[in-house]
Amino acid sequence: MGTTEPMENTPAEPRGEAPAGGPGELGGAPGAPGDATASADARGGAGEEVGQKVQPKGEALPGAEDKPKGQGKGKGGKAKGEGKPKGEGKGGEDAKPKERKPAPKPRLMIRFQQEIVPALAEALGKKNRMAVPRLSKIVLSMGLGKAVQEGGAKSVETKRFQDAINHMTAVAGQKPVVTRARKSVSQFKVRSGWPVGVKVTLRGARMWEFLDRLINLAIPRIRDFRGLDPKGFDGGGNYNMGITEQSVFPEIDASQITYQQGMNVTICTTGKNDTEAFELLRRLGMPFRA
């Protein structure tokens, strides 16, 4: 018999491990408990290729820049407060706000300065043009005793009182003030503080414009007019005249008048006496009775 060679005891490979060069090089056989980490790395690498990278908490995204505080989105994607500069209109950067032109001077005022002042200075013997008498103000007033009898302390709420306020506003061009009784008069059934009328004071351009309308439009429409009374001066250079109907003014529609109401017109001048005031108003066009 021949002799047999002793068999070498080769160590047994561990169960579950793949031989070298087998599937173990790629992370082992699927389902092997020892290769869970390798499988997770493989899946993570695949996720990176697809673009599903997990961003760690608290870190900013790559490429993202922190916006300064207050730079939010406004209209049109612009930041708040990034509008056009103040004063720029639709015309562009060179557009300028429209400048308001001053109102033209009243024609009677121009005539007074250019024609009446030199002639009046010569007639009165005034060497200085500033010494020539001028208009200072015009006061319009209405007494509403019938409205007081109808409404008493609440006479302002009556239709007669409200119509008087509206008509005075239309004639003068500004809203009048309500005048009140200074003391109680039992004979007229009026107590102190009750509203008894309205008045308005005109100065400047409105004064000249009203006087122009009064001379050229209102006075010629007075019924049976025979001229203004030259005795209406008060001795201090002021002239008073009365108008019996408010319908003589073209601003008031005669068809809308419910109550006929007169008014008093006081023209105040800087004249030292009635002679200077009379000469001033006569040259302005006031039609005095001969």
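Observations
- Failed condition for GLY152, given (1) assigned to a helix (DSSP H, G or I); (2) of a type in the set (Gly, Ala, Ser); (3) buried (at least 18 other Cβ atoms within 10 Å of the Cβ): (3)
- Inside region 193-220, residues that are surrounded by 16 or more Cβ atoms within 10 Å (Cβ to Cβ) and assigned to a loop (DSSP other than H, G, I, E, B) make up a count of 1.
- Checking region 136-149 against the condition returns a match, with at least one residue being assigned to a helix (DSSP H, G or I), surrounded by 15 or more Cβ atoms within 10 Å (Cβ to Cβ) and at pLDDT below 85.
- Residue in region 121-135 that is farthest from VAL196 (Cα to Cα), counting only those that are out of contact with any helix residue (DSSP H, G or I) (no Cβ under 9 Å at 6 or more places or on another chain) and outside any loop (DSSP other than H, G, I, E, B): GLU122
- Residue in region 237-249 that is surrounded by 15 or more Cβ atoms within 10 Å (Cβ to Cβ), closer than 16 Å to LEU280 by Cα and in contact with a Lys or Arg (Cβ under 7 Å, 6 or more places away or on another chain) present: yes
- Region 165-188, residues that are in contact with a Gly (Cβ under 8 Å, 6 or more places away or on another chain) and touching a residue at least 40 places away in the same chain (Cβ under 8 Å): PHE188
- Search result, residues across region 260-286 that are exposed (fewer than 14 other Cβ atoms within 10 Å of the Cβ) and touching a residue at least 60 places away in the same chain (Cβ under 8 Å): GLY262, LYS272
- Condition met for GLY242 (in contact with a helix residue (DSSP H, G or I) (Cβ under 8 Å, 6 or more places away or on another chain) and either in a strand (DSSP E or B) or touching a residue at least 24 places away in the same chain (Cβ under 8 Å) (or both)): no
- Complete set of residues in region 261-290 that are among the basic types (Lys, Arg), out of contact with any Lys or Arg (no Cβ under 7 Å at 6 or more places or on another chain) and assigned to a loop (DSSP other than H, G, I, E, B): LYS272
- Unique match (being polar (S, T, N, Q), at pLDDT 90 or above and within 25 Å of GLY125 (Cβ to Cβ)) among THR270, THR179, THR266, THR201: THR270
- For ARG223: the one exception among (1) under 17 Å from MET142 (Cα atoms); (2) not in a strand (DSSP E or B): (1)
The values are calculated or read from the model by the stated rules, or taken from the named source; none is laboratory data. Note that this is a predicted model, so its numbers are computed, not measured. Cβ sites come from the backbone with ideal geometry, for glycine too, and all protein chains shown count toward neighbours.
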